[in-house]
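Working notes for the structure below.
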Amino acid sequence: SQAETYDLLKSESARFFAQLDVKDKEQLRKVGKQVMRVLQFCSNPELLRHGLRGNDKYGELYSRLNELSSQQTTKAEFLDKLVRKILKEKGQKIVIWSMFVDQIERMVQSFGEFGAISIHGGVPTGPDTSLDFREGRLKRFKTDQDCRVLVANPAACGEGLSLHKTAHNAIYFDRSFNAAHFLQSIDRIHRRGLPEGVATNIYILYLAGTLEETVQTRLSKKIKSLQSLLDDRDLAAMVFDP
């Protein structure tokens, strides 16, 4: 069902692109929104359904999204099994990355039994004495053994944050084309100072045959170009190329 709906969404986007006037910059700005809609669907069709609510132009697509809303996607099911498998081992913690705020909050609810907390652009900075602020949530993740899952947005939590002594598992539920966000977020749990013998595990979830596969290819090419430009062999180890 999700694959059929994806094909319909792809057709809708193709029709939009076919009508574009390449000389009209305002129309070209809308291309990014179309791309994000497709990535939103790949992450969770329910996110797109909420985004299209009340838009009559997408009647058939919205109807299909309604049908999907009662089903668990393959990616969500896989994530659930992976998280529970990792957390079976005592003391393990996980950072889950997503670029969509609504999806982040949904995953926090899904993994509430593991004390899941979130960090994204909607969470302000402030003192670490309150869970209303990023600093307070980070402190809890680092110090509370019952808080075992952090769900975050790479744009808000991808730089200047040290988690390598707290978590050794990162799961990318979805990704953007931004290579800097990806590399910075990996650095949160993989850097100098790790005890010898500690393994860092990076899991990247993506739907084959969709735009997520294109994201994967583009990120790999960007990181390989950076490796060549900076003459940094360590970057090669960060390229996941199926």
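The values are calculated or read from the model by the stated rules, or taken from the named source; none is laboratory data. From a predicted model like this one, the values you see are computed outputs, not experimental measurements. Neighbour counts run over all protein chains shown; Cβ positions are idealised from the backbone, glycine included. Only protein heavy atoms, including side chains, enter the accessible area calculation; ligands, DNA and RNA are left aside. Shrake-Rupley method; radii C 1.70, N 1.55, O 1.52, S 1.80 Å.
Take the conditions (1) touching a helix residue (DSSP H, G or I) at 6+ places or on another chain (Cβ under 7 Å); (2) open to solvent by 40 Å² or more (accessible area, probe 1.4 Å); (3) under 29 Å from Lys90 (Cβ atoms); Phe177 misses just one of them, which is (3).
Can you tell which of Glu212, Glu196 is modelled with pLDDT under 90 and not hydroxyl-bearing (Ser, Thr, Tyr)? Checking each option against the conditions leaves just Glu196.
Just checking, does segment 178-185 include any residue being over 17 Å from the mean Cα position of the chain (by Cα) and of a type outside the set (D, E, K, R)? Explain how you work it out, then say what you get.
Of the residues in segment 178-185, the ones over 17 Å from the mean Cα position of the chain (by Cα) are none.
No, there is no match, as no residue in segment 178-185 is over 17 Å from the mean Cα position of the chain (by Cα) and of a type outside the set (D, E, K, R).
Kindly state which strands (runs of 3 or more DSSP E) lie completely within segment 124-234 and contain at least 3 residues that are without any contact (Cβ under 8 Å) to a residue 60 or more places away in the chain and hydroxyl-bearing (Ser, Thr, Tyr). Before you say what the answer is, go through the steps one by one.
Details: elements: 149-152, 169-172, 201-204.
Here the list is empty.
Please pick out the residue among Ile186, Ile171 that is open to solvent by less than 20 Å² (accessible area, probe 1.4 Å), at pLDDT below 90 and out of contact with any His (no Cβ under 9 Å at 6 or more places or on another chain). Even if it seems obvious, please write down each step before you answer.
Details: Ile171 fails: at pLDDT below 90.
It is Ile186.
For segment 20-28, does any single residue satisfy the condition of being more than 20 Å from Val151 (Cβ to Cβ), modelled with pLDDT of 85 or more and either open to solvent by less than 80 Å² (accessible area, probe 1.4 Å) or among the basic types (Lys, Arg) (or both)? Among the residues of segment 20-28, not one is more than 20 Å from Val151 (Cβ to Cβ), modelled with pLDDT of 85 or more and either open to solvent by less than 80 Å² (accessible area, probe 1.4 Å) or among the basic types (Lys, Arg) (or both), which makes the answer no.
Which members of segment 136-168 meet the condition of being of a type in the set (Ser, Thr, Tyr) and either open to solvent by 50 Å² or more (accessible area, probe 1.4 Å) or modelled with pLDDT of 95 or more (or both)? Before you say what the answer is, go through the steps one by one.
Step one: list which residues in segment 136-168 are of a type in the set (Ser, Thr, Tyr), which gives 143, 162, 166.
Passing the criteria: only Thr143.
In segment 51-118, counting only helices (runs of 4 or more DSSP H) that sit wholly within it, the ones holding 1 or more residues that are without any contact (Cβ under 8 Å) to a residue 60 or more places away in the chain, out of contact with any Ser or Thr (no Cβ under 6 Å at 6 or more places or on another chain) and open to solvent by less than 40 Å² (accessible area, probe 1.4 Å) span 59-68, 74-87.
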